[in-house]
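The values are calculated or read from the model by the stated rules, or taken from the named source; none is laboratory data. None of the values given here were measured: they were computed from a predicted structure. Note that we place each Cβ from the backbone using ideal geometry, even for glycine, and neighbour counts take in every protein chain shown.
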Amino acid sequence: MTIYADSSVFVSLYINDQHSPQARKWFTSRPSVWFTPLHRAEWTHAVEQHVFRGYMTAGEARKVYLHFELDSGKGLWLDTLLPESAFRVAVDLARKHVAHIGTRTLDSLHVASALELKAERFWTFDERQKKLAKAAGLKTS
């Protein structure tokens, strides 16, 4: 089963928060999860925001990055490019759903990427993004 997870799922996997237990549970079954450059950019920003806000030190962030890279080397997820067509699909999703759901650009781009990569399931902790994914026909967890 191929899964597309929102970047927040990866953040919760490596930085303890209220969603970390669920993120770890999802990954215990060793699913095939897509990981794009969009994920990497958002994930890195989230780690650095934790340093900026004083929730972790720069040294702790380096350990998080190392753990992440070790897991990446083990093939915990499937590295892939962001489908270029995802931008067009994100625009279509915005026109059809955003006025009613209120999702942001990057949320729509994640859902569009999941659609274009033919993900069988979409993981997110964001309720609006989950509504958009369901409206677009994706199964969510």
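Laid out as a table, the results:
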{"read-out": "Residues (under 18 Å from the mean Cα position of the chain (by Cα) and surrounded by fewer than 18 Cβ atoms within 10 Å (Cβ to Cβ)) located in segment 86-97", "value": "PHE87"}
{"read-out": "In segment 99-130, residue nearest to the chain's Cα centre (by Cα) [restricted to those that are in a helix (DSSP H, G or I) and surrounded by fewer than 18 Cβ atoms within 10 Å (Cβ to Cβ)]", "value": "LEU106"}
{"read-out": "Hits in segment 1-46 (condition: of a type in the set (Val, Ile, Thr), surrounded by fewer than 18 Cβ atoms within 10 Å (Cβ to Cβ) and at pLDDT 95 or above)", "value": "THR44"}
{"read-out": "Scope segment 53-96; condition among the hydrophobic types (A, V, I, L, M, F, W, C), closer than 17 Å to TYR14 by Cα and assigned to a helix (DSSP H, G or I); matching residues", "value": "ALA58, ALA61, VAL64, LEU66, PHE68, LEU70"}
